[in-house]
1. Please verify whether L118 is touching a residue at least 24 places away in the same chain (Cβ under 8 Å), buried (at least 17 other Cβ atoms within 10 Å of the Cβ) and among the aliphatic types (A, V, I, L, M), treating the condition exactly as stated.
2. Give me the pairs, please: first residue somewhere in region 8-19 and over 13 Å from G49 (Cβ atoms), second residue anywhere and open to solvent by 80 Å² or more (accessible area, probe 1.4 Å), beta-carbon distance under 7 Å, and either six or more positions apart or on two chains.
3. Among the residues of region 121-156, write down those that are open to solvent by less than 30 Å² (accessible area, probe 1.4 Å) and either of a type in the set (D, E, K, R) or modelled with pLDDT under 95 (or both).
4. Would you tally the residues in region 103-115 being farther than 14 Å from T153 by Cα and open to solvent by less than 60 Å² (accessible area, probe 1.4 Å)?
5. Does at least one position in region 78-88 carry a residue that is open to solvent by 10 Å² or more (accessible area, probe 1.4 Å), more than 18 Å from R29 (Cα to Cα) and part of a strand (DSSP E or B)?
6. Please state which of the following conditions V53 fails to meet, knowing it meets all the rest: (1) surrounded by fewer than 17 Cβ atoms within 10 Å (Cβ to Cβ); (2) part of a helix (DSSP H, G or I).
7. What about Q33, is it open to solvent by 30 Å² or more (accessible area, probe 1.4 Å), at pLDDT 95 or above and either in a loop (DSSP other than H, G, I, E, B) or out of contact with any helix residue (DSSP H, G or I) (no Cβ under 9 Å at 6 or more places or on another chain) (or both)?
8. Only one of (1) open to solvent by less than 60 Å² (accessible area, probe 1.4 Å); (2) assigned to a helix (DSSP H, G or I); (3) touching a helix residue (DSSP H, G or I) at 6+ places or on another chain (Cβ under 9 Å); (4) not acidic (D, E) fails for G73. Which number is that?
Amino acid sequence: MTGAVDLGTIEQAFRVAAAELGMCDAAWRFAQQLSTAGGPEVVEQVRDGLGRVFPVLDAVFSRHLASTPAPSGDASAAARACAGLRRLVLVGLEARWTDALVKQLEGVELAVLLPAALPGDVGRVMANLPPAVQHVTLDDFQRLAGPKSGLLTFVYGATAQGAFVLPEWVRAQGPDVRAQFRSFIGWAILDAPPDVYPRWLVEVPPTAFTALVS
């Protein structure tokens, strides 16, 4: 890759990838591909150009530039937090982490509630998941409620004061829901919150989770 970076084309491509893979997974893939194509200078240029629009991209690109290895998607801790559940609703989508978790939850009825901020092709997204994984919305996810049911969402960095999650997580946390589900699990896939304003995300107290794992 030589010459000026076409930020408009990269932004459009990232929106599609983030909608179908998740913001964090897509950012790691883009960082690796851009680095291969043009080196760290291109990664830095794209981060500086798009980081305020996509704070998770900013965070991931900064980690890539600092030579932080891409995450493996190890789901062991999240799977342990789901022990004893018979039904689990994933609020949000991050492909590499979702795939790893699904493999460890054999026998658990699974559903995914896709985020609305960066909408993708639902049929294509679901086709990339195992056939047994259901698609649910905020209108019908409570049909999976029960004493052995749980909700799990991806956390984009957490501190002692707050954890950054998708807005759908907040909308799925009404008093009626908390009375119907046993577990409310947060899975931190970024080691710290984004440095720029966390657009697309909202902050919730860590006490909103029955378990917060990394």
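The values are calculated or read from the model by the stated rules, or taken from the named source; none is laboratory data. Keep in mind that this is a model prediction, so the values were computed, not measured. Because the Cβ atoms are built from the backbone with ideal geometry, glycine has one as well, and the counts that use them run over all protein chains shown. Note: accessible area is taken over every heavy atom of the protein model, side chains too, but ligands, DNA and RNA are not part of it. Shrake-Rupley method; radii C 1.70, N 1.55, O 1.52, S 1.80 Å.
1. Values: touching a residue at least 24 places away in the same chain (Cβ under 8 Å): yes; buried (at least 17 other Cβ atoms within 10 Å of the Cβ): yes; among the aliphatic types (A, V, I, L, M): yes.
Answer is yes for this residue.
2. So the pair list comes out as A17/R29; A19/P119.
3. Step one: of region 121-156, the residues open to solvent by less than 30 Å² (accessible area, probe 1.4 Å) are 125, 129, 133, 136, 141, 144-146, 149-156.
V125, L129, V133 - these are the residues of region 121-156 that are open to solvent by less than 30 Å² (accessible area, probe 1.4 Å) and either of a type in the set (D, E, K, R) or modelled with pLDDT under 95 (or both).
4. Keep residues of region 103-115 that are farther than 14 Å from T153 by Cα, which gives 103-109.
Right, trim to open to solvent by less than 60 Å² (accessible area, probe 1.4 Å) and you get 105, 108.
Number of matching residues: 2.
5. Applying the first criterion (open to solvent by 10 Å² or more (accessible area, probe 1.4 Å)) to region 78-88 yields 79-81, 83-87.
If we keep only those that are more than 18 Å from R29 (Cα to Cα) as well, we get 79-81, 83-87.
So of that shortlist, the ones also part of a strand (DSSP E or B) come out as 87.
For region 78-88, residues open to solvent by 10 Å² or more (accessible area, probe 1.4 Å), more than 18 Å from R29 (Cα to Cα) and part of a strand (DSSP E or B): present.
6. Of the numbered conditions (1) surrounded by fewer than 17 Cβ atoms within 10 Å (Cβ to Cβ); (2) part of a helix (DSSP H, G or I), the odd one out for V53 is (2).
7. Numbers: open to solvent by 30 Å² or more (accessible area, probe 1.4 Å): yes; at pLDDT 95 or above: yes; either in a loop (DSSP other than H, G, I, E, B) or out of contact with any helix residue (DSSP H, G or I) (no Cβ under 9 Å at 6 or more places or on another chain) (or both): yes.
So Q33 passes the test.
8. (2)
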